[in-house]
Amino acid sequence: MSKETFNLPEQFEKTASPVTVLRGLGPKRAGPLAERGIRSVADLLFFFPSRYEDRRVVSPMGSLREGESVLVEGEVLLAREERFPRSGKRLYRVVLRDHTGRLVLLWFHYRKRHLASLASPGTRLAAFGKVSFDRGLARMIHPDVRPPTPHGDDATGRGFVPVYPAVRGMPQGVIRRAVLDALERFAPAVSDPVPAPVLRRLGLPDLREAIRYVHRPPDHADPEALRLGETPWQRRFRFDRLFRLMLEVGRRKRGRRRRDGPVLEIPPQPHRVMGDFLPFDLTPDQVRVIQEIARDMMGPAPMNRLVQGDVGCGKTVVAAAAAGLAALNGMQTALMAPTQVLAMQHFEFFQGLPAGAGLRPVLVTGGLGRKERSHAAEKIRAGRYNVIIGTHALFSERLEYARLGLVVIDEQHRFGVRQRARLDRKGANPHLLVMSATPIPRTLAMTLYADLDISTIRKGPSGRTPVETRLVERDRKREIDRVLRERLARGEQALVICPAVDGTEDADLKNVEEMARALGKIYGPRWEVGLLHGRMAPEEKERVMDRFRRGRLPLLAATTVVEVGVHAPRATVIVIEHPERFGLAQLHQLRGRVGRGERGGLCLLVVSAEIPPEARERLEVLVRTRDGFEIARKDLEIRGQGELTGIRQAGSGEVLPAEIFEQPLLLAQARSEAERILDEDPALALPENRGLLRWLGPPGELDV
Ligand code: ADP
Ligand code: MG
């Protein structure tokens, strides 16, 4: 491939204008958008719909079916506010008719003026919503209504209408209009950084087409493909993310080969550096992995190793041994965790080791005051501490290390490849140890982490009772209640996981806010109920998580944000709503969060009668199998055959681990295309290639 086909993206300059240049986005809107990471026009162009409403055709009211979401149009027969006779609560009722039948529209929460201005007897109205029947009459609750518009009209019109992830206080219409404006005025200036031959080989559309149609799918698009994220436009963006990732991995692999790392002296039985100071015996797998690490650290090139092993298999101890080996050589270790809660947890572990182990830990987090921080920084620079534990603060701040010999990154998938690179620069090519509890099959791991050697801990400490897993029918809630009461009464903790945050994502899904309220009503009087989800402020999340970890919060309703590595020994039950929405590997991780103490854990998967038999069968894998790698393999097998589950985010700018599981083929293609480009044009792989670096940057950090 020649260089001229690799167009570096000047377009990002043009589309770098602030979003406020767009129609309908005043300065007031900038804040909520920024919370979503949307600052520039480019950010908005890459803010993709989470789903689409099919408003291509107007359905006749006479042939509506229960549960379908449709567009109707008709004449208003009646429009008025009413009161429920008993409660006195208000509702708004509109009755529509077309030449085939009638439809009732109902609102329980509404702005009266808005509805009254739209609907009065005799006017025409278009409504989009979900149909249900009440005593034989078709109705929609809280439909989206507007005056009928001709086909093809912009944000309010027909066709596939995009639904964007919620932005605080911003109606969908505002987002839609702004995106349309961006498409019209800016998208034409976008040029494609991916070489055309690559796109041709893979049958993918160019960037301009992809951007346009991912926001406004044409009428001929296949609704099912759209829902599954399988249209060419959606695939194109998935490819881009994987392609960028593979380019970066390729660059790193090429870069590291050229460097010298610190050469360490290693005692004959390296595992004893830690093993002698622990209240338990190391498992054979732990001993083996420590030996693999020791061998790397003796060699001339810097270690670059991934340790993967199921939740609870004992990776922290392995990291401690590596830190011990560095300390023996007078070198420091930086241990980076994805959250403060995890950093704190690690710190407490290291603090608990006997002094003889030779480790002097310090915790560096954003939570420290300025004085404390500069005090700590001083002692780190002087080499007084040799295990420096923290979050990204470890490299984003002006921390200087006396002799950084080892970098450990825990729960690796949370850290961008580029962040890894930044931390690298803190020392003279320190050894790098990455730990992950996301078990992935070896072949996939080798593609994804082409720049890493891999050690695997297969078997955790024996004697721990595995988490018992059961499917529970939705109408057998009693059983769950009984279990919860019993466990809570024994002073144990429980987690309830829901797939949605609030009702805005999908009204049919259990959402965590409602769940927390419902649990509060039932258990609140005796046991405190906590709430945790991704839209909460980071400090608030940390606080809740920390209280849970310390056993102070008996019951926690959460989305999947609940931390992977958190060790809450008293948490023994996890109830998962809509488990069919999650991948098996993810469910396995979720259940790994309970039963980490002596007491046996219990995982209840709540299933309803409606879920298809295949989904049930898939869940049964969890009941039978405890081995995370085996589960990941099954998951991949099932998905590889085309069964797709879960809520798909049609592109949030991140490479999600789940997405990688689902895209083994696309990932392999991305890798071979990236390798081809780097081989044919080695200059691209050089760190000084700023153009490429820029493209590797926004939008969205690489997240593997
Ligand atoms: P993870 O691999 O998920 O990070 P941890 O390192 O947090 O797991 O270990 C989970 C628990 O197992 C900790 O309480 C740890 O002290 C304990 N543990 C680790 N290794 C052993 C061992 N060889 N024998 C007994 N318990 C162990
Ligand atoms: Mg861990």
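The values are calculated or read from the model by the stated rules, or taken from the named source; none is laboratory data. Being a predicted model, the structure only gives us computed values, none of them experimental. Note that each Cβ is placed from the backbone with ideal geometry, even for glycine, and that neighbours are counted across all protein chains shown. Side chains are part of the model used for accessible areas, which takes the heavy atoms of the whole protein and leaves out ligands, DNA and RNA. Shrake-Rupley method; radii C 1.70, N 1.55, O 1.52, S 1.80 Å.
What figure in square angstrom, to the nearest 10, would you give for the accessible area of Arg102 with a 1.4 Å probe?
150
Just to verify a number: FRET efficiency for Ala30 and Asn329, C-beta to C-beta distance, R0 = 41 Å, to 0.05?
0.20
Taking a probe of 1.4 angstrom, what is the accessible area of Ser40 in Å², to the nearest 10?
My reading of the accessible area for Ser40 is about 20 Å².
Karplus couplings for region 477-484 from phi (6.51 cos²θ - 1.76 cosθ + 1.60, θ = phi - 60°), rounded to Hz, Gly and Pro as x?
Here the 3J(HN,Hα) series is 4, 3, 4, 5, 4, 4, 4, 4 Hz.
Can you give the extra length, in nm with one decimal, that the chain gains between Glu230 and Ser132 once fully stretched, where that is 0.36 nm per residue apart less the Cα-Cα distance?
So the chain would gain 32.3 nm between Glu230 and Ser132.
Calculate the FRET efficiency for Glu486 and Lys521 from the Cβ-Cβ distance with a Förster distance of 22 Å, rounded to the nearest 0.05.
Efficiency for this residue pair is about 0.70.
Carbon and sulfur: what percent of region 212-285's accessible surface (1.4 Å probe)?
Taking all protein chains in place, region 212-285 shows 50 percent carbon and sulfur surface.
At a Förster distance of 30 Å, what's the computed FRET efficiency of Arg403 paired with Leu665, Cβ-Cβ distance as r, to 0.05?
It comes out at approximately 0.10.
In nm, to one decimal, how far is the modelled label at Glu66 from the one at Phe108, with both set 7 Å along Cα→Cβ?
Placing both labels 7 Å along Cα→Cβ, they lie 1.9 nm apart.
Give me the distance in nm between label points sitting 7 Å out from Cα along the Cα-to-Cβ direction at Ala301 and Arg476, one decimal.
5.4
Label Thr100 and Glu184 with points 7 Å out from Cα along Cα→Cβ: what is the distance between them in nm?
3.3
Which of Lys130/Lys541; Lys130/Lys477; Lys28/Lys521; Lys253/Lys315; Lys253/Lys379; Lys521/Lys634 have a Cα-Cα distance over 30 Å?
Lys130/Lys541; Lys28/Lys521; Lys253/Lys379; Lys521/Lys634
Based on the inverse mean of 1/r over its pairs of different Cα atoms, what is the Kirkwood hydrodynamic radius of region 468-625, in Å?
15.6
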